[in-house]
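Participant: Please find one structure pasted underneath; my questions will follow.
The values are calculated or read from the model by the stated rules, or taken from the named source; none is laboratory data. Quick caveat, the model's predicted, so the values are computed rather than measured. We place every Cβ from the backbone using ideal geometry, glycine too, and count neighbours over all the protein chains shown.
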Amino acid sequence: MAAEAPPPSTERHKLPTPEEFTEVQESAEFGELRRSHRSFAFPLTVAFIAWYLLYVLLSNYAGGFMGTELFGNINVAFVFGVLQFVTTFLIAWWYSRHAATKLDPKAEAIKTRMEGGA
């Protein structure tokens with residue numbers, strides 16, 4: 001005997017007005033969310049771009065250094081290249097942790113309030 005699915009909900013979320021969006025955008029809570037995101041993302045982005053440019057500049061202008069063999073056929077350029085991938089994945093992991101703990105709860109609270117659930 002198959003269980004019947006409940007009828008679809010006729011309850012609809014209240015859609016926020018443009019004025020409500022503006023009010024939330026100007027609120028201290030949203031400002032804190034934006035500040036929390038920017039204080040994490042911007043410095044990390046600048047640091048990664050600097051690290052990447054260092055790699056590119058060393059590859060172009062310090063061929064002797066980058067060609068220095070560390071062990072076997074592994075040289076400095078290869079190690080720095082692999083570290084580019086490693087840092088990319090570490091930054092993605094770190095950002096996902098930051099978002100899950102600091103950004104998502106604040107954003108969810110704003111969203112719930114905007115949709116009329118709070």
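Participant: Can you work out which of the residues in region 1-44 that are surrounded by 13 or more Cβ atoms within 10 Å (Cβ to Cβ) and farther than 20 Å from Asp104 by Cβ is modelled with the highest pLDDT?
Facilitator: Glu23
Participant: Mind telling me which of the residues Lys111, Lys106 ends up being surrounded by 15 or more Cβ atoms within 10 Å (Cβ to Cβ) and either on the phi < 0 side of the Ramachandran plot or charged (D, E, K, R) (or both)?
Facilitator: Lys106
Participant: Residues that are of a type in the set (Phe, Trp, Tyr) and either over 30 Å from Gln25 (Cα atoms) or in contact (Cβ under 8 Å) with a residue 60 or more places away in the chain (or both): which helices (runs of 4 or more DSSP H) entirely in region 48-117 hold 3 or more of them?
Facilitator: 76-98
Participant: For region 74-92, how many residues meet the condition of being of a type in the set (A, V, I, L, M, F, W, C), over 17 Å from Ser39 (Cα atoms) and out of contact with any helix residue (DSSP H, G or I) (no Cβ under 6 Å at 6 or more places or on another chain)?
Facilitator: Qualifying residue count, region 74-92: 9.
Participant: I would also like to ask the following. For region 18-44, give me each residue that is aromatic (Phe, Trp, Tyr) and within 22 Å of the chain's Cα centre (by Cα).
Facilitator: Restricting attention to region 18-44, the residues satisfying the condition of being aromatic (Phe, Trp, Tyr) are 21, 30, 40, 42.
Of everything in region 18-44, those that are aromatic (Phe, Trp, Tyr) and within 22 Å of the chain's Cα centre (by Cα) turn out to be Phe30, Phe40, Phe42.
Participant: Also, I was wondering about something else. Quick one: which residue in Ala77, Ala62, Ala47 is loosely packed, with under 13 Cβ neighbours inside 10 Å and either modelled with pLDDT of 95 or more or over 26 Å from the mean Cα position of the chain (by Cα) (or both)?
Facilitator: Details: Ala77 fails: loosely packed, with under 13 Cβ neighbours inside 10 Å; Ala62 fails: loosely packed, with under 13 Cβ neighbours inside 10 Å.
Every option except Ala47 fails the conditions.
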